[in-house]
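Worksheet for the structure shown next.
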Amino acid sequence: MDILAGVIFVCALALIALEWVHRTKVALAGALLVVALGVTDLDEAIEAVDWATLGLLAGMMIIVGLTERTGIFTYLALRVAQLSNGRPVRLVFLLAGVTGVMSAFLDNLTAILLVVPITLLLADVLRISPIPLVLVEIFASNIGGTATLIGDPPNIMIGTHVAELSFVDFVVNLAPIAFVTLAVSTAVLFMLFRGSLQVAPDRVAELESLDPARDVRESRYVKRSIAVLVGTILVFFLHAPLHLEPAVVALGGATVLLLVTSDDVEEALERVEWSTIFFFVGLFVMVGGLEAQGIIDRIADLLADATGGSRTGEAMAIMWGSAAGSALVDNIPFTAAMIPVVDQLQAGPEGSDDALWWALALGACFGGNATVIAAAANVAATGVLERSGRHISFLGFLAYGLPITLLSLALATVYLLLFQL
Amino acid sequence: MAESTILERIVLVPASVPRDATYGDAADVLAASEQTGIAVLDADEGVVGLFGAEQALRGCLPRYLDELHHTAFARDDLDLLAELATRTRGEPIERHMTTPITVERDASAVHIGEVFLHCRRPAIAVVDGGRFVGMLDRAAFARAMILPAPGSAS
């Protein structure tokens, strides 16, 4: 039965990586097989689903979806582009900055879906290729999302699983390295792309003439939506002393937003990406099957043996291994499988150490930059490019993604060794 | 003589292009027909796709517009739009058409109404035994439903 659990999970990972079938269908089929073939029973399967993760995701999807309707994010992206005055260095750093910050506080997939279409329009206005800017934004979204508990799905999964880690813990331990990595990576990307980002003076004038305020919805709606979004983020900072789970904060914010705005509930709930929610459900059930069959324990034992029980070795193996796994598969299923492994290591003789969780977060999030399939944000951004008639091949993405990932992991290694281990 | 179906009250315009036509061919036929949609036909006059005002618009506007929800700030860049329109005209129609929606010539008003309410297309194709007969415009259908039939007691 343990072999069966492993085979189902590995096959599911392969199908997700190959993208022959929609990932949600793969995850649900895997979950069905796990239950139907008796790897785990229905009660264990339901127990394996991390409802807190699903609540946090759904709550944030509603808040961000409704706030997006105000037009405020379009306004921000456009204002930032105008601040660049068409100077490539400013344009690249400002777009990377705004994408990174939006990723940290909204989530990286949402941020990329908000910023990339505007970037295509900006590139048309400036008569430059959008591809360098979109690549900068993809990398910025995955790095920026690393900074907070809500910024990237791997962090959401870790943060909701480990009750002792608060929103502030994520910010204190991950935001500094995310900021440094974002700055260094953006500088490298600017050096690579600067030749293709030269803007003619008449195009700068055209950019300046755009009026981003024309898209912002009537002010009362904007004020209420922004107040709830900012309020929710502030409560995230205080959720530990207030004894509120992150999922409660997100769902609470969504509820308040629905109450204070006139939005139709049916329309608001359409903002929830149900395919993502069911993808997570399927993954949790499959990983539950691996746990029930003792496979997770064996992986943890193997990892502990391979590193000689050294905490530093374990952290490095988790980070670099997670990055490699995320690059090849997708960082969400890989993190789902690694969380119980790290749980097992924490129960070992070395005792509990948050550094292992930070190693997993850094590996999974930064690994998301390596290949075009490694993170949902990459798939979404390249999909938007594809639909607009531009194409980035797997190898074309890898040529930039792999060096940026290796650079990010090198910086994260130094950070972990100096400050966490 | 009393009409047996609602479609007998409506003029069906047989506006169509063959499936090997280009976007430019289809756009010209659409504009000349003054319909909201035309059919794309195979060699046996079966309907393989529809091309309407929405698809025509998508072809001459930047394709990222689908992803943008806020564009009031945008200004027309006529050179860019002209360049895009020129490029699109040569593309095969199969890249721009939608899946076909058809009703039979003897379809009931209730069925046609249900199709229009659910498919949200401004025009659908009418077929007879699989062969294209003409395009049925939503507005024309609505008019036929609202107005009393000729000769009926109002």
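Derivation of every value follows stated rules applied to the coordinates shown; laboratory data play no part. Computed from a prediction, not measured in an experiment: that's the story for all the values here. Here the Cβ positions follow ideal geometry from the backbone for every residue, glycine too, while neighbour counts run over all protein chains shown.
The charge dipole of the stretch B:39-149, taken about its Cα centre with unit charges on the Cβ of Lys, Arg, Asp and Glu (plus for the first two, minus for the last two), comes to roughly 260 debye.
Among A:Arg311, A:Arg79, A:Arg214, the largest mean-square fluctuation in a Gaussian network model of chain A, built with springs joining Cα atoms closer than 10 Å, belongs to A:Arg214. Here the simple spin-label model places points 7 Å from the Cα toward Cβ, and for A:Glu386 and A:His22 these points are separated by 1.4 nm.
Taking a ≥ b ≥ c as the square roots of the eigenvalues of the Cα gyration tensor, the stretch B:1-148 is prolate, since a/c reaches 1.5 or more and a/b is larger than b/c. Couplings 3J(HN,Hα) for the stretch A:266-283, derived from phi with the Karplus relation 6.51 cos²θ - 1.76 cosθ + 1.60 (θ = phi - 60°), are 4, 5, 4, 6, 5, 6, 6, 7, 5, 5, 5, 4, 6, 4, 4, 4, x, 4 Hz, where x marks Gly and Pro.
Among beta bridges from DSSP that stay inside the protein assembly as shown, the antiparallel ones total about 70%.
In the protein assembly as shown, helical runs assigned H by DSSP with n ≥ 4 each contribute -39500 (n - 2.57); averaged across all residues and rounded to the nearest 500, the mean residue ellipticity at 222 nm is -21000 deg cm²/dmol. Legend: ranking of residues A:Trp20, A:Trp51, A:Trp320 from fewest to most surrounding C-beta atoms inside 10 Å; resulting order A:Trp20, A:Trp51, A:Trp320.
Among B:Thr102, B:Thr71, B:Thr86, the largest mean-square fluctuation in a Gaussian network model of chain B, built with springs joining Cα atoms closer than 10 Å, belongs to B:Thr71.
Gyration tensor over the Cα atoms of the protein assembly as shown: the corresponding equivalent ellipsoid has semi-axes (square roots of 5 times the eigenvalues, largest first) of 48, 30, 23 Å.
Listed by Cβ neighbour count within 10 Å, with the fewest neighbours leading, B:Tyr64, A:Tyr221, B:Tyr23 appear as A:Tyr221, B:Tyr64, B:Tyr23.
The HN-Hα couplings worked out from phi for the stretch B:137-148 by the Karplus form 6.51 cos²θ - 1.76 cosθ + 1.60 (θ = phi - 60°) are 7, 4, 5, 5, 5, 4, 4, 5, 6, 6, 7, x Hz, whole numbers, x standing for Gly and Pro. A cut-off of 5 Å between modelled amide H atoms, ignoring neighbours fewer than 5 places along the same chain, links B:Arg19 with B:Leu41.
The spacing between the stretch A:139-214 and the stretch A:242-319, judged by their C-alpha centroids, is 22 Å. Each of B:Val126, B:Pro92, B:Ala109 was scored by the projection of its Cα onto the charge dipole of the stretch B:9-142, and the greatest displacement toward the positive side belongs to B:Ala109; charges sit on the C-beta of Lys, Arg, Asp and Glu.
Projecting the Cα atoms of A:Ala361, A:Ala380, A:Ala327 onto the charge dipole of chain A (Cβ charges, centred on the Cα centre) puts A:Ala380 farthest toward the positive pole.
I need to check one value: relative contact order of the stretch B:7-109, counting alpha carbon pairs closer than 8 Å and at least 6 residues apart, in percent. For the stretch B:7-109, the relative contact order is 35 percent. Structural size metrics of the stretch A:165-225, computed from C-alpha coordinates, are Rg and Dmax of 19.2, 51 Å. Springs between alpha-carbon atoms under 10 Å, Gaussian network over chain B: tell me which of B:Ala43, B:Ala27, B:Ala123 tops the mean-square fluctuations. Residue with maximal mean-square fluctuation among B:Ala43, B:Ala27, B:Ala123: B:Ala43. Summing Cβ point charges (Lys, Arg +1; Asp, Glu -1) relative to the Cα centre of the stretch A:31-80 gives a dipole of roughly 600 debye.
Expressed as a fraction of 2.2 N^0.38 Å, the value expected for a compact globular protein of N residues, the C-alpha radius of gyration of the stretch B:101-152 is 1.13.
Note on B:Arg120 and A:Ala205: the model spin-label points, each 7 Å out from Cα along the C-beta direction, lie 4.2 nm apart. For the stretch B:111-121, putting each phi into the Karplus relation 6.51 cos²θ - 1.76 cosθ + 1.60 with θ = phi - 60° gives couplings of 5, 4, x, 4, 4, 5, 5, 8, 8, 6, 9 Hz, in residue order, rounded to whole numbers and with x for Gly and Pro.
Counting Cβ atoms of other protein chains within 10 Å of each residue's Cβ and taking the mean over peptide B:72-78 gives 6. For B:Gly134, the residues whose amide H sits under 5 Å from its own are B:Val126, ignoring neighbours fewer than 5 places away on the same chain, with H placed 1.01 Å from N. Placing unit charges on the Cβ atoms only, positive for Lys and Arg and negative for Asp and Glu, gives the protein assembly as shown a dipole magnitude near 1620 debye about its Cα centre.
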